[in-house]
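Working notes, structure below.
The values are calculated or read from the model by the stated rules, or taken from the named source; none is laboratory data. Because the structure is predicted, anything quoted here is derived from the model rather than measured. When we count neighbours, we look across all protein chains shown, and the Cβ atoms used for this are built from the backbone with ideal geometry, even at glycine.
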């Protein structure tokens, strides 16, 4: 019985160059991703190291390792009534949750109106252009008008001032994304839903 040996086909020089080019590209991409990941992780590691130091160690050697790891800092953070960390956490949770909910509801309704071509109301293009223009406005120029507006409504030092401002700042980009999404939906899907008895809101 004879054994047939199959010799691999010779790889041309151009194919070798393509193969080495792909390997080099993969190596460069991997190195770049590792560098970016390191830059992202370093601040979190530094923050963790600083959290287990004393105030004197932070002031004297902010970039060094802690001489004495003080886990008591976390115990004090969560259980010291003078700090009341839970209150700040609940405030952030309440403000963020309502802001996201309000933004999602308003952006969905506005995005549906801008995204579907059959809703050709007056000044539709101009209003949508203003929303897109609001994306490039720096937030610093809005500080004084926001404060004046909230002071006029008597909402200074309240949760609702933050909720309304965060929702208003998130509306332009959210409305733009929702309008882009609704514009890509086929009209046949909307017609089929109307035949089944769905309204615009549903």
**Request:** Filter segment 120-160 down to residues that are under 19 Å from residue 107 (Cα atoms) and assigned to a helix (DSSP H, G or I), then give me how many there are.
**Result:** 12
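Rundown of residues vs (1) in the same structural domain as residue 179 (by TED's automatic domain parsing); (2) surrounded by 11 or more Cβ atoms within 10 Å (Cβ to Cβ), yes/no style:
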{"residue": "69", "(1), (2)": "no, yes"}
{"residue": "98", "(1), (2)": "yes, yes"}
{"residue": "103", "(1), (2)": "yes, yes"}
{"residue": "108", "(1), (2)": "yes, yes"}
{"residue": "119", "(1), (2)": "yes, yes"}
{"residue": "128", "(1), (2)": "yes, yes"}
{"residue": "135", "(1), (2)": "yes, no"}
{"residue": "148", "(1), (2)": "yes, no"}
{"residue": "151", "(1), (2)": "yes, yes"}
**Prompt:** How many residues does segment 9-58 contain that are within 30 Å of residue 71 (Cβ to Cβ) and part of a helix (DSSP H, G or I)?
**Reply:** 19
**Asked** When the residues of segment 98-108 are filtered to those that are in contact (Cβ under 8 Å) with a residue 12 or more places away in the chain and more than 15 Å from the chain's Cα centre (by Cα), which remaining residue is farthest from residue 178 (Cα to Cα)?
**Response** 98
